[in-house]
Amino acid sequence: MRSSCRTFSIGWSIIAVAAALAGCATAPGPSPAAGSHLDAVQKSAVLRICTPGDYRPFSFHKADGSFEGIDVDLMTGFSASLGAKPEWVKTTWANLLPDLAAGKCDIAVGGVSVTTERQKRAFFSAPYMVNGKTPIARCADVAKYQSVADIDKPATRVIFNPGGSNERFARANFKQAKLTMHGENVTIFDEILANRADVFVTESAEAITQQKLKPGLCAINPDKPLQYGEMAWMLPRDDVAFKAYVDQWLHLQQAGGDFQRVMNRWLK
């Protein structure tokens, strides 16, 4: 640490030197860092995790009240690394960021896309997946919806869920197609199967997962998404110590192979 005290020349009087030294002794040092969630979680032994719980394969709220998915498995290991128990805080996509900013949770997960708008109010962990926007439609219609231009036609019924990047993508890119907001992400795919909608654009991982769960639906070119995207966890803004720990934990999980084992469980 650089000292703010100067080297004194011989010409200084004894009184002046004494006064200067007294000032150095009483000058305040760097203020201690503000309390970090890293310390708070270890002290309470509880990690509060916000998630909408409606986004397979990342986080899904089951009928019995439990959660499952990629982020759920990862959070179990992450919590254990802090000597803490995971405590799930159910929220919505519209309230995910406000709940995190209000201090209702320590971390937000569940298939969160990295955006600059979210970055204004939160930190992101290092991204752990590239996961761009991919259409999903009835398999018989795959050839009709190969691009944004193919989808954006007056006869196309585009459905989207509110409050997240899927809504922003739909509103920004589809100016001629008929847009319909559907409040339940869990049932949005059934709307396409029932022919009440034609296309839903979401992340490629969800599109791939849902085509397995919903026979008759097909992800359209998931290896060539319509828009580049990254997935990460959202963290309280300006908590540098907590972000550094999260990033280090993720790095070690990826390097050691545990991260890939979780991914393989849900995506293979």
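What's the extension gain from K43 to K175 if we count 0.36 nm per residue and subtract their Cα-Cα distance?
Full extension of this stretch gives 42.4 nm more.
Provide the FRET efficiency to the nearest 0.05 for the A94-D258 pair, computing r from the beta carbons and using R0 = 41 Å. All intermediate terms of the calculation are to be shown ahead of the outcome.
Working: r = 33 Å, r/R0 = 0.80.
The computed FRET efficiency comes out at 0.80.
The structure shown yields P(r) over Cα pairs in 10 Å bins from 0, in percent, and of the options (1) 6, 26, 28, 17, 9, 6, 5, 3, 1, 0; (2) 7, 26, 27, 23, 14, 3, 0; (3) 7, 30, 39, 22, 3, 0 that calculated value carries the label (1). Of all lysines in the structure, the ones whose alpha carbon falls short of 26 Å from that of K178, not counting any fewer than 8 places away in one chain, are K133, K144, K153, K214, K224.
The residues neighbouring T156, those whose beta-carbon lies less than 9 Å from its own, together hold a net charge of +1 under the Lys/Arg +1, Asp/Glu -1 convention.
Only protein heavy atoms count here; on that basis, with a 1.4 Å probe, W88 has an accessible area of about 60 Å². In region 66-220, Rg over Rh equals 1.00, where Rg is the alpha-carbon radius of gyration and Rh the Kirkwood radius from pairwise Cα distances. If Lys and Arg each add +1 and Asp and Glu each add -1, what is the summed charge of the other residues whose beta carbon sits under 15 Å from the beta carbon of R56? Value of the local net charge: -3.
Relative to the longest principal axis of the Cα atoms of the chain, the long axis of helix 204-213 lies at roughly 40 degrees.
Axis angle, to the nearest 10 degrees, between helix 70-81 and the longest C-alpha principal axis of the chain: 20 degrees.
Between the residues M263, V201, V186, the greatest Cα displacement towards the positive end of the dipole of region 180-268, with unit charges on the Cβ of Lys, Arg, Asp and Glu, is found for M263. So, taking all protein chains as they sit and a 1.4 Å probe, how much accessible area belongs to T115, in Å² rounded to tens? Around 30 Å² of this residue is reachable by solvent.
Each listed q (0.14, 0.28 Å⁻¹) maps to a log10 I(q)/I(0) for region 92-148 from the Debye sum over equal C-alpha point scatterers, namely -0.55, -1.23.
What dipole magnitude, in Debye to the nearest 20, does the chain give about its Cα centre under +1 on Lys/Arg Cβ and -1 on Asp/Glu Cβ?
Numbers: 30 positive and 26 negative charges, 78 e Å.
Dipole magnitude for the chain comes out near 380 debye.
Dividing the helix sum by the residues of the chain, where each DSSP H run of 4 or more adds -39500 (n - 2.57), gives a mean residue ellipticity at 222 nm of -11000 deg cm²/dmol. Cα to Cα, under 17 Å, and not fewer than 8 places away if on the same chain: which lysines meet these conditions relative to K212? Reachable lysines: K268.
With R₀ fixed at 41 Å, the C-beta to C-beta distance from Q119 to A80 puts the FRET efficiency at about 0.90.
The values are calculated or read from the model by the stated rules, or taken from the named source; none is laboratory data. Given the structure is predicted, the values throughout are model-derived calculations rather than measurements. Note: ideal-geometry Cβ built from the backbone for every residue, glycine included; neighbour counts use all protein chains shown. We work out accessible area using only protein heavy atoms, side chains counted, and drop any ligands, DNA or RNA first. Shrake-Rupley method; radii C 1.70, N 1.55, O 1.52, S 1.80 Å.
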